[in-house]
Amino acid sequence: MSDEPAPTSKDFIREIIDEDLASGKHDGTVTRFPPEPNGYLHLGHAKSICLNFGIAQEYGGRCHLRFDDTNPTKEDVEYVDSIKEDIKWLGFDWGEHLYFASDYFEKLYDWAVYLIKEGKAYVDQQTAAEIKSGRGDLQTPGINSPYRDRPVEESLDLFQRMKAGEFGDGVMVLRAKVDMAHANLNLRDPVLYRIVHAEHHRTGDKWCIYPMYDYTHGQSDAIEHITHSLCTLEFENHRALYDWFLDNIPVPSRPRQIEFSRLNLNYTVMSKRKLLQLVTEKHVSGWDDPRMPTLSGIRRRGYPAAAIRNFCKTIGITKFESTNDFALLENAVREVLNQEAPRFMAVLDPIRVVITNYPEGQVEEMEAVNNPEKPEAGTRLVPFSREIFIERDDFMEDPPKKFFRLSPGAEVRLRSAYFLRCDEVIKDAAGNIVELRGSYDPETRGGENPPDGRKVKATIHWVSAAHAVEAEVRLYDRLFASEAPDRGEGSFLDHLNPDSLTVLSGARLEPNLASVVSGETVQFERLGYFCADKDGSQERPVFNRTVGLRDSWAKAQNQG
RNA sequence: AACUCCGUGGUGUAACGGUAGCACAACAGAUUUUGAUUCUGUUUGUUCAGGUUCGAAUCCUGGCGGGGUUGCCA
């Protein structure tokens, strides 16, 4: 990840950093990743993580992990732990720089007192509804609160008593005194502190007043000497307020907020609220359901961290709100897995083949290549015997013109084994094909072409019936059937893909597959990449389909 | 008709006044003990109208289109 060639062009944020370094504005670069611990990280966060930690790596700076934990009613340590785990999995390290906004509560309180004394903040006793209506709207200016010009001493006293717990939730708030007529609504006397009598996951019951995001973020950046505070576009309108605090409070440094567009993917929803809803309403099995765009979900699905990093590099950083093609992500996944994943044979939908001219009771250990892209991965032994399973799809009794696989009288290569010809089709009373009979050519051992120069058009995978391990295989498809489940009327849930999960309970695996450890992704030859799931055991493995191989045959069929 | 940000092939993303390039997707072909991979080729683009300039995707003006903003969420 670090030995790749430097990109020939830089995104606008890196250009800004270059300028700041060149002009001497900064002599180092410090970024931060500031999740709120109220949910699991998803692909959108991965974009931000790759940006912030990536910049720190490239510029020899550092990136802080700072939990933005100013709302105790929504936050929990469960999320803190999962977030840390996900960042590490992605391949990044915050070193010693783990912080919590709640670490700064004392400092922020002092600064609030400072603002009051400066005449730049006041305690407002209006109700939430009064504050809302007093703010005006996009067209109309707001009006001043009747408490706006109360004496400094009075605000000071009230604020201290807010902190002391004398008042109930929502009774009063601390507001900045900016401009109730400002075109940017964020500057119409924003709330700085609210009363919330709730246990905080770090500070316990020490506080009953909590600072708002806007009041917290920039000052936290300043305390940590963040140079470039990178966030998504929805905070663009907050920048003026971010700067207002830095201008009016004696902060120790001057960070700069820069916004970029968030990640959108088609066939996916990415908002925390919607992901939470999928989990709580049991449309998926949990935050780590392999269909979820959460980092824990895609990890369980088998997506390699390197693929996510490459993907984030490919999509770039801009201010344009775009929607990326899911195929781009899948391409990144296949690219890494094609290089890395060891190959095995597995038959998902088995049909028995009896090789009539193969000696009964004989077993041969066939040598198979582990990864043609990586010779150093070596070879393994796969048992071969008189009765094998092949994929039902690899046989057609009455094949169309371009079908290269097995059919009556036709010959194919069994991967790493022998040429096989189909001689006979056995059916049950209902006419269903229940078994095939065929013969092999002993002169093609290892799958070599025979001396007579005969060739076959196809190579298929197989598993020795007596040695096969039965397994459950979960075929995942996109969670949503429509490209933009968010758009249009109705709920995004209306767009759930009913076929997003197909469970196959009778798959047969080559025996080597039983020892693949949970979390490892392998290739089932000719089928796709599959990740061993934690639900499985050596006796009965469970595999999740990460992504299928490209399949030009299937594509041609669908078009035909 | 408030403020603000943004418009480059189907989808993303480069080009910093000088040949519109790259990736993905799509479509052909070659190779192949995975109908995979790999390789080669093809199709498709600067939102519009003016202006500045020898020269504009790029600078200016206006139009059109899209996003964000009216939490005591972040």
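What follows draws every value from the coordinates through simple rules; no lab data is involved. Everything numeric in this text was worked out from a predicted model, so none of it was measured. Cβ placement follows ideal geometry from the backbone for every residue including glycine, while neighbour counts extend to all protein chains displayed.
Things to note:
- Charge dipole of segment A:338-480 about the Cα centre (unit charges at C-beta), most positive-ward option of A:P408, A:Y440, A:L381: A:P408
- Computed 3J(HN,Hα) for segment A:355-361, one whole-Hz value per residue from the Karplus formula 6.51 cos²θ - 1.76 cosθ + 1.60 where θ = phi - 60°, is 8, 5, 9, 9, x, 5, x, glycine and proline marked x.
- Once the Cβ-Cβ distance of A:A458 and A:E335 is raised to the sixth power relative to R0 = 22 Å, the FRET efficiency obtained is 0.30.
- Degrees separating the helix A:77-90 axis from the principal Cα axis of chain A, which is the longest one: 60 degrees
- Prolate/oblate/rounded label for segment A:105-211 (Cα gyration tensor, a/c 1.5): prolate
- In this label model, A:F326 and A:E130 are separated by 5.1 nm, measuring between points 7 Å along each Cα→Cβ vector.
- In a fully extended conformation the segment linking A:A556 and A:R352 would gain 70.7 nm over its present Cα-Cα distance, using 0.36 nm per residue.
- Test item: Cα-centred dipole of chain A, Lys/Arg +1 and Asp/Glu -1 on Cβ, debye: 640 debye
- Peptides A:356-363, A:303-310, A:479-486 ordered by average Cβ neighbours within 10 Å, highest first: A:303-310, A:479-486, A:356-363
- Estimated translational D of segment A:344-464 in µm²/s (Stokes, Kirkwood radius over Cα pairs; 4 °C; 1.567 mPa s): 87 µm²/s
- Nitroxide proxy distance, nm - points 7 Å out along Cα→Cβ at A:A240 and A:N449: 7.5 nm
- Cys with no candidate disulfide partner in chain A (beta-carbon separation under 4.7 Å rule): A:C63, A:C208, A:C231, A:C422, A:C531
- Cα long-axis angle, helix A:305-315 against chain A (0 to 90 degrees, to the nearest 10): 70 degrees
- Rounded to 10°, Cα long-axis angle of helix A:152-164 versus longest principal axis of chain A: 40 degrees
- For chain A, the share of alpha carbon pairs falling in successive 10 Å distance bins from zero is 3, 15, 21, 20, 15, 10, 7, 5, 3, 1, 0 percent.
- Average Cα contact separation per residue, chain A, under 8 Å, 6 or more apart, as relative contact order %: 11 percent
- C-alpha center-to-center spacing [segment A:179-212, segment A:526-560] in angstrom: 50 Å
- FRET E, pair A:K206, A:S285, Förster distance 25 Å, beta-carbon r, rounded to 0.05: 0.10
- Among A:409-416, A:132-139, sorting by the average number of other beta carbon atoms lying within 10 angstrom of each residue, highest first, gives A:409-416, A:132-139.
- Shown is the FRET efficiency for A:A514 and A:D486, computed with R0 = 56 Å from the Cβ-Cβ distance and rounded to the nearest 0.05: 0.85.
- Charges were assigned to the Cβ only: +1 to each Lys and Arg, -1 to each Asp and Glu. The resulting dipole of segment A:344-464 about its Cα centre is roughly 340 debye.
- Eligible lysines near A:K177 by straight Cα distance, threshold 21 Å, same-chain separation 8 or greater: A:K107, A:K117, A:K120, A:K132, A:K163
- Antiparallel content of DSSP bridges confined to chain A, in %, to 5: 70 percent
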